[in-house]
Amino acid sequence: MTYNFQTNYTKLSPKLFQIVSKPNILNSKTILINYPLIEKLGINYSQNPNPELLLGSSKEQPFAQAYAGHQFGYFTNLGDGRAMIIGEHLTSNDERFDIQLKGSGRTKYSRGGDGKATASSMIREYLYSYAMKKLGLKTSESLAVIATNQKVLREDVHDGAILIRVMKSHIRIGTFEYALNFCSQEEFKEFVDYAIERHYPQLMEEEQKYLKFFQSVIKNTVDMVVDWYRVGFIHGVMNTDNISITGETFDYGPCAFINSYDQQRTFSQIDTFKRYCFGNQKNILKWNLGIFGRTLIPFLDKDIVLAEKLYNKELEIFDTYFEKQFFTMMKKKLGITDSKSPKQLVNTFFKFLEQSKADYTNTFIELMYPHSINENIYQTSEFLEIRTELKKAGLNLKLMQKNNPERILRNYLVEEALDDYKNFKNLDKVHELLEAVSAPYTRDDKLKKFQQSPSIEFDKRYKTHCNT
Ligand code: AMP
Ligand code: MG
């Protein structure tokens with residue numbers, strides 16, 4: 001097993017990271033492994049690689065990244081408290097990916113934490129990142145979950161594991177906040193230029209490259225959140241340290257897919273004020289981009305008044321761009337190809353969802369295939385009228401099939417699968433779920449049980465936890 005590491009992040013200011021040692025793991029065992037990803041990355045491997053090799057060799061110099069972040073609205077100094085990047089892997093097409101170990105032990109950024117991760121939470125991240133990738137979203141991917149043979153103490157005693165996470169980079173809005181606050185002006189500029197060159201190299205020669213960089217990050221993260229709305233995803237902890245500048249979804253902590261439609265729905269146990277609820281993800285993204293843009297103001301123009309103006313203008317454009325992308329996406333989900341008032345149709349549809357609290361995913365399936373979902377709500381005149389109106393506007397099946405998943409990760413099934421692992425070390429249900437979401441747009445009657453929404457009682461009381 002060999003990675004092709006050509007790491008360059010560590011050429012930046014040493015204030016931006018801490019060099020750490022490879023985790024000392026003995027008798028580890030592979031819990032899950034993503035062979036297609038190994039192949040995509042062009043990594044040499046045998047069908048049965050030694051899990052310790054997946055964690056990197058002693059030649060490498062792993063590092064933990066420093067970053068800050070606005071957590072629930074408040075500035076905090078953070079960093080990889082339980083993660084390290086073992087290197088940047090270059091593929092044969094010169095694509096660069098961070099190979100990160102999550103749950104790999106304490107670093108200087110661990111604060112009070114133990115640096116560890118429970119196996120079940122890493123399996124959970126593997127499941128969600130896998131499902132999101134297969135749903136067609138830009139996301140971090142999981143290469144493997146490796147059992148560490150160590151115990152992890154939470155409310156109970158758990159088995160520990162390391163997740164190997166692959167991502168274009170782990171540079172996030174919070175890295176800019178950290179660099180601005182703790183690095184010199186030159187170091188900060190060097191970091192910003194590095195981030196642009198790594199992710200937006202086409203901007204390097206542009207006259208207004210910093211402004212264009214801000215615009216590109218806005219565009220990519222808007223597209224990311226619009227895609228979350230498309231598949232009904234609630235991230236759960238949209239702190240600025242969890243928002244990548246590439247528009248890749250990452251940090252699958254207390255996330256979950258929505259069942260019954262509710263703008264106010266929040267799954268995370270710690271999101272008491274519903275800051276990160278389904279409907280607020282758009283506003284929070286804008287808030288986060290406001291924080292990001294502030295770090296770039298000095299680069300936008302020498303004249304600070306003009307720089308502020310440019311910054312404000314971009315945030316104003318955010319709303320129009322978001323609405324445009326959101327509306328285009330919804331038109332596809334509803335198969336609208338020919339309508340004089342498509343906006344009105346989309347709004348009527350949302351009014352129905354709000355009032356009926358119908359299952360988000362299954363409502364689109366029922367629109368595509370009448371009488372396929374056995375729920376009374378789909379026999380009501382309100383729903384049938386909407387369907388008739390949509391039919392007049394196209395109800396284009398091909399378009400809808402591409403944009404409406406048949407199967408998402410149902411959170412009650414995720415919990416059942418994780419319970420089986422926790423209680424019996426049985427991964428059958430995890431594998432079944434991975435299989436069920438591996439081709440989520442393909443209709444398959446054999447997989448019908450994965451379409452079933454949870455009971456109202458489950459959906460009402462279901463809560464997710466982070467930091468596990
Ligand atoms: P998250 O909510 O997963 O984005 O985590 C927020 C911060 O807490 C990150 O910087 C993590 O590295 C850190 N963290 C989370 N869990 C632990 C842990 N068990 N030990 C040390 N640091 C942790
Ligand atoms: Mg995080």
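The values are calculated or read from the model by the stated rules, or taken from the named source; none is laboratory data. In this text the structure is predicted, and so the values were computed from the model without any measurement. Please note: Cβ atoms are built from the backbone with ideal geometry, for glycine as well, and neighbour counts cover all protein chains shown.
Can you tell which of SER268, SER339 is over 30 Å from GLU190 (Cβ atoms), of a type in the set (Gly, Ala, Ser) and at pLDDT 95 or above? If you could, list the steps in order and put the result at the bottom.
Working: SER339 fails: at pLDDT 95 or above.
None of the others qualify; the one that does is SER268.
How do the pairs read when you match residues in region 93-122 that are more than 14 Å from SER140 (Cβ to Cβ) with residues anywhere that are basic (Lys, Arg) and within 14 Å of ligand 2 (Cβ to nearest atom), using Cβ under 7 Å and keeping only pairs 6 or more apart or on different chains?
Partner pairs satisfying both residue conditions: GLY103/ARG82; SER104/ARG82; SER110/ARG82; GLY113/ARG82; GLY115/ARG82; LYS116/ARG82; ALA117/ARG82; ALA117/LYS102.
Would you point out which residue out of LYS151, LYS133 is surrounded by fewer than 23 Cβ atoms within 10 Å (Cβ to Cβ) and in a strand (DSSP E or B)?
Numbers: LYS133 fails: in a strand (DSSP E or B).
Result of the check over LYS151, LYS133: LYS151.
For region 68-124, which positions are hydroxyl-bearing (Ser, Thr, Tyr), near ligand 1 (Cβ under 10 Å from one of its atoms), farther than 18 Å from SER28 by Cβ and assigned to a strand (DSSP E or B)?
Result: THR76, single match.
If a residue counts only when it is loosely packed, with under 14 Cβ neighbours inside 10 Å, which helices (runs of 4 or more DSSP H) contained entirely in region 279-359 have at least 2 such residues? Talk me through it step by step, then tell me what you get.
Working: elements: 281-300, 304-333, 342-356.
Counting at least 2 such residues, we get 304-333, 342-356.
So if I check each of LEU137, LEU127, which one is under 20 Å from ILE31 (Cα atoms) and either polar (S, T, N, Q) or more than 14 Å from ligand 2 (Cβ to nearest atom) (or both)?
On the way: LEU137 fails: under 20 Å from ILE31 (Cα atoms).
Checking each option against the conditions leaves just LEU127.
Quick test for you: out of PHE213, PHE182, PHE233, PHE191, pick the one residue that is under 14 Å from the mean Cα position of the chain (by Cα) and either at pLDDT 95 or above or not hydrophobic (A, V, I, L, M, F, W, C) (or both). Walk me through how you get there before you give the answer.
Details: PHE213 fails: under 14 Å from the mean Cα position of the chain (by Cα); PHE182 fails: under 14 Å from the mean Cα position of the chain (by Cα); PHE191 fails: under 14 Å from the mean Cα position of the chain (by Cα).
Only one candidate qualifies: PHE233.
Being assigned to a helix (DSSP H, G or I) and surrounded by fewer than 22 Cβ atoms within 10 Å (Cβ to Cβ) is the filter here; which residues of region 173-187 pass it? Walk me through how you get there before you give the answer.
Kept after step one, since they are assigned to a helix (DSSP H, G or I), are these residues of region 173-187: 173-182, 185-187.
The answer is LEU180, ASN181, PHE182, GLN185, GLU186, GLU187.
Can you say whether GLY56 is at positive phi and away from ligand 2 (no atom under 16 Å from the Cβ), as far as the supplied structure shows?
Details: at positive phi: yes; away from ligand 2 (no atom under 16 Å from the Cβ): yes.
Answer is yes for this residue.
Quick grid of which residues meet (1) of a type in the set (Lys, Arg); (2) in contact with a Gly (Cβ under 7 Å, 6 or more places away or on another chain):
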site: ILE43; (1), (2): no, no
site: GLU60; (1), (2): no, yes
site: PHE75; (1), (2): no, no
site: MET84; (1), (2): no, no
site: GLU95; (1), (2): no, no
site: GLY103; (1), (2): no, yes
site: ARG106; (1), (2): yes, yes
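Which is surrounded by fewer than 22 Cβ atoms within 10 Å (Cβ to Cβ), at pLDDT below 95 and at negative phi, of ASN8, ASN48? Working first, answer last.
Numbers: ASN8 fails: at pLDDT below 95.
Checking each option against the conditions leaves just ASN48.
May I ask you to verify whether HIS170 is within 26 Å of LEU434 (Cα to Cα) and either out of contact with any Lys or Arg (no Cβ under 8 Å at 6 or more places or on another chain) or part of a loop (DSSP other than H, G, I, E, B) (or both)? First the steps, then the outcome.
On the way: within 26 Å of LEU434 (Cα to Cα): yes; either out of contact with any Lys or Arg (no Cβ under 8 Å at 6 or more places or on another chain) or part of a loop (DSSP other than H, G, I, E, B) (or both): yes.
Answer is yes for this residue.
Which residue out of TYR200, TYR252 is under 15 Å from ARG172 (Cα atoms), of a type in the set (Phe, Trp, Tyr) and free of Cβ contacts under 8 Å to residues at least 24 places away in the same chain? Spell out how you get there, then give the answer.
Details: TYR252 fails: free of Cβ contacts under 8 Å to residues at least 24 places away in the same chain.
Selected residue: TYR200, the only one of TYR200, TYR252 that is under 15 Å from ARG172 (Cα atoms), of a type in the set (Phe, Trp, Tyr) and free of Cβ contacts under 8 Å to residues at least 24 places away in the same chain.
Hey, could you check region 370-387 for residues that are free of Cβ contacts under 8 Å to residues at least 12 places away in the same chain and closer than 21 Å to LYS448 by Cβ and say which is surrounded by the most Cβ atoms within 10 Å (Cβ to Cβ)?
In this case the residue turns out to be SER372.
For (1) within 16 Å of ligand 2 (Cβ to nearest atom); (2) within 21 Å of PRO454 (Cβ to Cβ), each residue gets a yes or a no:
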residue	(1), (2)
GLN202	no, no
GLU206	no, no
THR221	yes, no
HIS235	yes, yes
THR249	yes, no
GLY253	yes, yes
PHE267	no, yes
LEU289	no, no
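Output yes when any residue across region 416-424 is more than 22 Å from ALA147 (Cα to Cα), in contact with an Asp or Glu (Cβ under 9 Å, 6 or more places away or on another chain) and more than 16 Å from ligand 1 (Cβ to nearest atom), and no when none is. Steps first, answer last, please.
Initially, region 416-424 is screened for residues more than 22 Å from ALA147 (Cα to Cα), giving none.
No: region 416-424 contains no residue that is more than 22 Å from ALA147 (Cα to Cα), in contact with an Asp or Glu (Cβ under 9 Å, 6 or more places away or on another chain) and more than 16 Å from ligand 1 (Cβ to nearest atom).
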